[in-house]
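Asks: Dropping a structure here in structure tokens format, bear with me for questions.
The values are calculated or read from the model by the stated rules, or taken from the named source; none is laboratory data. This one's a predicted model, so the numbers in the text were calculated from it and none came from an experiment. So basically every Cβ, Gly included, is an ideal-geometry build from the backbone, and we count neighbours across all protein chains shown. Quick note on the areas: whole protein, heavy atoms, side chains included, nothing else; ligands and nucleic acids left out. Shrake-Rupley method; radii C 1.70, N 1.55, O 1.52, S 1.80 Å.
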Amino acid sequence: AVVSTQSGHYGRGIRHIVNELITTEKTYMKDLMDILMGYKEPMEQYTDVFDPDMVESIFLNLRPIGNFHLDFLEKLDEQQNNLDKLANCFLTKDSEEGFKLYDEYCRKVPESLELVNELLLDQTRKQFIVNCQMHLQHFFPLTEFLHRPIQRVLKYPLLLRDLQRHTNGTKYSSVVDNALDTITEVAVRINKVKRVQELYSKELVGWQGDHLLEYGILKLEDHFKVNGSKDNRYVFLFDSLLMITKPLKEGKYQYKSHLLSNEIAMTENVKGEMDSKFELINFNNKKEKSTDCDSALIPLL
């Protein structure tokens, strides 16, 4: 399709995608305002029923997210007939900072949802929340709306990928590609956080340590052969933690051991072993010699 960035004479396919981007952004903006004005603000007024810290724990950083999207929507709307500037809305410094807000929201929203479910066990608080929902004429409850921010940020790559297909080979392909790459990085971060939350809350058995998000981003997960074990182990590698587990049925993992990244050293020259293996040495005591320390033997990637 040929695009005129000044007159807005898009091909039908591009026009449809641009319209969908802006229309759904307006819908999302309304959802955010409904959450903030229809739930958060009324709850803030009833401090005898809802503690201020409790309200903040439910709605997290949705206020700055809402402020960001109010400005983001205005820019998209202004540039809807100028495709290169429209795509560039995803590449600005403000957008970079705005989309970073979702990292914190995604990390904390499971606790937010859990707190709402706890409040619903109290009849007074439940009736208040239900009244807010009825006043907003929402079919779906508050918990469903608290999922909307994550759903929205994961929708952008799909829309820009469609736009990429229609602009491939045109002079606009570069800026659209850059916009897609940028928002895809955001989506990848969010999906990694969601994966760790799922692992921590549903799949991992026997782990007694901190929440896994405290150890950074999940960099890798895969099956490995560990020295001294006849069965394969499943390893999760985080920024500051390497966790060794045993695969169980129904997609669960039994915690076996872990190594902190600041307490280990690696050697690729393992005596008597093939080149496909390396040794991790755990220095629990810096005065100990490596030969006296625990180690695990697993294949190189």
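Asks: Can you name every residue in the range 24-34 that is farther than 20 Å from V109 by Cβ and open to solvent by less than 60 Å² (accessible area, probe 1.4 Å)?
Replies: Listed by number, the residues that qualify are T24, E25.
Asks: Also, I was wondering about something else. Tell me which residues, restricted to the range 120-139, are within 26 Å of R107 (Cα to Cα) and surrounded by fewer than 12 Cβ atoms within 10 Å (Cβ to Cβ).
Replies: L121
Asks: Another question, if that's okay. Pick from the range 222-244 the residues that are of a type in the set (A, V, I, L, M) and closer than 12 Å to K256 by Cβ: which of them is modelled with the lowest pLDDT? First the steps, then the outcome.
Replies: Going residue by residue through the range 222-244, those that are of a type in the set (A, V, I, L, M) are 226, 235, 237, 241-244.
Filter once more, so that each one left must be closer than 12 Å to K256 by Cβ: 226, 235, 242-244.
Values: V226: 68, V235: 88, L242: 88, M243: 88, I244: 88.
Result: V226.
Asks: Name the helices (runs of 4 or more DSSP H) wholly inside the range 35-109 in which the number of residues that are over 17 Å from R152 (Cβ atoms), open to solvent by less than 50 Å² (accessible area, probe 1.4 Å) and in contact with a helix residue (DSSP H, G or I) (Cβ under 8 Å, 6 or more places away or on another chain) is 1 or more.
Replies: Here the list reads 41-45, 52-59, 83-88.
Asks: R107 fails exactly one of the following numbered conditions: (1) modelled with pLDDT of 95 or more; (2) in contact with a Leu (Cβ under 6 Å, 6 or more places away or on another chain); (3) under 30 Å from L220 (Cβ atoms). What is the number of that condition?
Replies: Result: R107 passes all but (1).
Asks: Given the conditions (1) of a type in the set (K, R); (2) closer than 30 Å to H211 by Cα; (3) modelled with pLDDT under 95, and given that R15 satisfies all but one, which numbered condition is not satisfied?
Replies: Tallying (1) of a type in the set (K, R); (2) closer than 30 Å to H211 by Cα; (3) modelled with pLDDT under 95, R15 fails exactly one: (2).
Asks: Take the residues in the range 140-153 that are part of a helix (DSSP H, G or I) and free of Cβ contacts under 8 Å to residues at least 40 places away in the same chain; name whichever of them is surrounded by the fewest Cβ atoms within 10 Å (Cβ to Cβ).
Replies: Keep residues of the range 140-153 that are part of a helix (DSSP H, G or I), which gives 142-146, 148-153.
Imposing the further condition that a residue be free of Cβ contacts under 8 Å to residues at least 40 places away in the same chain reduces the set to 143-144, 151.
Working: T143: 15, E144: 14, Q151: 11.
So the residue we want is Q151.
Asks: Something else: Being in a helix (DSSP H, G or I) and either aromatic (F, W, Y) or in contact with a helix residue (DSSP H, G or I) (Cβ under 6 Å, 6 or more places away or on another chain) (or both) is the filter here; which residues of the range 110-124 pass it?
Replies: Of all residues in the range 110-124, those in a helix (DSSP H, G or I) come to 110-119, 123-124.
Answer for the range 110-124, where residues must be in a helix (DSSP H, G or I) and either aromatic (F, W, Y) or in contact with a helix residue (DSSP H, G or I) (Cβ under 6 Å, 6 or more places away or on another chain) (or both): P110, S112, L113, L115, V116, L119.
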